[in-house]
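The values are calculated or read from the model by the stated rules, or taken from the named source; none is laboratory data. All figures in this text were calculated on a predicted structure; none of them were measured in a lab. Methodologically, a virtual Cβ is constructed for each residue, glycine included, from the backbone with ideal geometry; neighbour enumeration extends over all protein chains shown. Just so you know, the surface numbers come from the protein's heavy atoms only, side chains and all, with ligands and any DNA or RNA stripped out. Shrake-Rupley method; radii C 1.70, N 1.55, O 1.52, S 1.80 Å.
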Amino acid sequence: MENKQNRWHWLLICLFSLFVVASFSQQLLLIALLLLIVALIKGPGLLVWGAIYTFLISLFPPLGVVLTTIFFLLNLHLLTKSWRVNMVSSWFYLYPFVVSGMIYFLDWQQKWQLIIFWILGIVVLIFLLNKAYLVHRNVRQVAWTVLATPFEILLLALPKKITRKFKMRPEHKI
């Protein structure tokens, strides 16, 4: 069994602390930095798998429906299996934005208010992480999943096909 208090655990807690005490623009900058790091690590693998997928589908087009269905079901299974990690990810990113909003809109500028938000956030994060570690024994994988969440959301938001831009206009048809 892996030690739960390793460097990945503390990396998550330190990054969360930075998110909570950072201003809104600093939070966006931190997320952009995480996006860049994750894209540099995961991007080449995604390109290779995308090329393999495209090659297989070009050989046998009906295979695309089968592969897409399999990948969809695998993603659905992963989503239901790792709901605890998804809760950690949600808390990790949403809580600091809520704190920033409360500080900005309610004009809470006192240091003690920020410290209370910071302590509350860390206590809940540690509780959620410990619950996630009960099911997912690999702390590094939990940390990587949490850190890669903005990248995964960005991938979901990107358009899958750009058809309108490349459609031929009626006057250009042969």
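When every residue of region 16-24 is checked against the conditions, none turns out to be surrounded by 13 or more Cβ atoms within 10 Å (Cβ to Cβ) and farther than 30 Å from Lys131 by Cβ. Checking region 154-170 against the condition returns a match, with at least one residue being at pLDDT 80 or above, open to solvent by 40 Å² or more (accessible area, probe 1.4 Å) and not in a loop (DSSP other than H, G, I, E, B).
Please verify whether region 98-105 includes one or more residues that are farther than 30 Å from Leu29 by Cα and assigned to a helix (DSSP H, G or I). Looking for residues that are farther than 30 Å from Leu29 by Cα and assigned to a helix (DSSP H, G or I), one finds none in region 98-105, hence no. Looking at Val88, Val146, which is the one that is at pLDDT 90 or above, closer than 23 Å to Gly45 by Cβ and either of a type in the set (A, V, I, L, M) or in a helix (DSSP H, G or I) (or both)? The conditions single out Val146. Within this structure, Gln141 fails the test of being open to solvent by less than 80 Å² (accessible area, probe 1.4 Å), in a helix (DSSP H, G or I) and either touching a strand residue (DSSP E or B) at 6+ places or on another chain (Cβ under 9 Å) or at pLDDT below 90 (or both). If you check Val98, Val48, Val38 for being surrounded by 10 or more Cβ atoms within 10 Å (Cβ to Cβ), touching a residue at least 24 places away in the same chain (Cβ under 8 Å) and not acidic (Asp, Glu), only one passes: Val38.
Somewhere in region 56-75, is a residue at pLDDT below 90, within 30 Å of Leu18 (Cα to Cα), part of a helix (DSSP H, G or I) and not acidic (Asp, Glu)? The answer is no, given that none of the residues of region 56-75 is at pLDDT below 90, within 30 Å of Leu18 (Cα to Cα), part of a helix (DSSP H, G or I) and not acidic (Asp, Glu). Residue count for region 10-35, restricted to those that are in a helix (DSSP H, G or I) and either in contact with a Pro (Cβ under 8 Å, 6 or more places away or on another chain) or in contact (Cβ under 8 Å) with a residue 40 or more places away in the chain (or both): 14. Please work out which residue is farthest from the chain's Cα centre (by Cα), limiting yourself to region 76-95 and to residues that are of a type in the set (A, V, I, L, M, F, W, C) and open to solvent by 50 Å² or more (accessible area, probe 1.4 Å). Going through the qualifying residues, I end up with Leu76.
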